[in-house]
Amino acid sequence: MKPFHRILADEHRGHCGQAKLRFAQVAQAKSPDHIEAEPQRHRRFHRGELKGLILHLLSQGAAHGYELIKAIGDQVGDGYQPSPGVIYPTLNALETTHLICAEGDDNTQDGRKVYVLTDAGKAHLAKHAEQLSVLLQRLERQALRQRARNNPQINAALQQLKAALRRKFANDDLAEPVATAIAHIIEQAAQEIEKH
């Protein structure tokens, strides 16, 4: 199965006789704030995946840019929120390719441009539903891992362990048998954790 980001990158538009344009070419627009300018290790999404997620969110209802920033942050977790410099060029690209459009006569809500999914956008999501599902499942796994890392009971236990070790290490007379016993306790705890 071709990855969602590769399919989006290969999509072409054809609307009212306009020239076709690759999503990937739009994504490569040279902007210092653009997601493609971010170092690879800092990317949350593969190329094209952010567009797919925005389309998915708009399929649930109209939204302006700030609402999408918040919704994407909630979906990804880990305190992440895409910057306006990432979101608005992406929205412009999706609007240019006629997958979304501005809603209403004045196209604004409280001075903000409100976007809705077009029929072409709905068809695009339906066509690539399986790839979108893979993306959403990956984001859910990431969110679950993050929630586990932020579990208050685990963090409290870790802090208690660190404090106990600091107190022991502060003792200049820490005997070798005691150090060995501490190491054994920690090893046993690690082994027990691995079983669950």
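Values quoted throughout were computed directly from the atomic coordinates according to the rules given, and no laboratory measurement underlies them. None of the values given here were measured: they were computed from a predicted structure. Here the Cβ positions follow ideal geometry from the backbone for every residue, glycine too, while neighbour counts run over all protein chains shown.
Summary of computed values
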{"item": "From phi via Karplus (6.51, -1.76, 1.60), per-residue ³J(HN,Hα) for the range 63-74 in Hz, x at Gly/Pro", "result": "7, 9, x, 5, 4, 5, 4, 5, 5, 5, x, 5"}
{"item": "Using distinct alpha-carbon pairs, which all enter the 1/r mean, Kirkwood radius of the range 121-175 in Å", "result": "15.1"}
{"item": "Cα→Cβ-extended label distance, 7 Å offset, between Ser83 and Lys70, nm", "result": "2.2"}
{"item": "Sorted by Cβ density within 10 Å, fewest first, the residues Arg44, Arg112", "result": "Arg112, Arg44"}
{"item": "Inter-centroid distance (Cα atoms) of the range 168-196 relative to the range 117-154, Å", "result": "40"}
{"item": "Two-site label geometry, Arg138 and Asp119: point separation in nm, points 7 Å out along Cα→Cβ", "result": "3.2"}
{"item": "Among 136-148, 181-193, 51-63, the order from most to least packed when residues are scored by Cβ within 10 Å on average", "result": "51-63, 136-148, 181-193"}
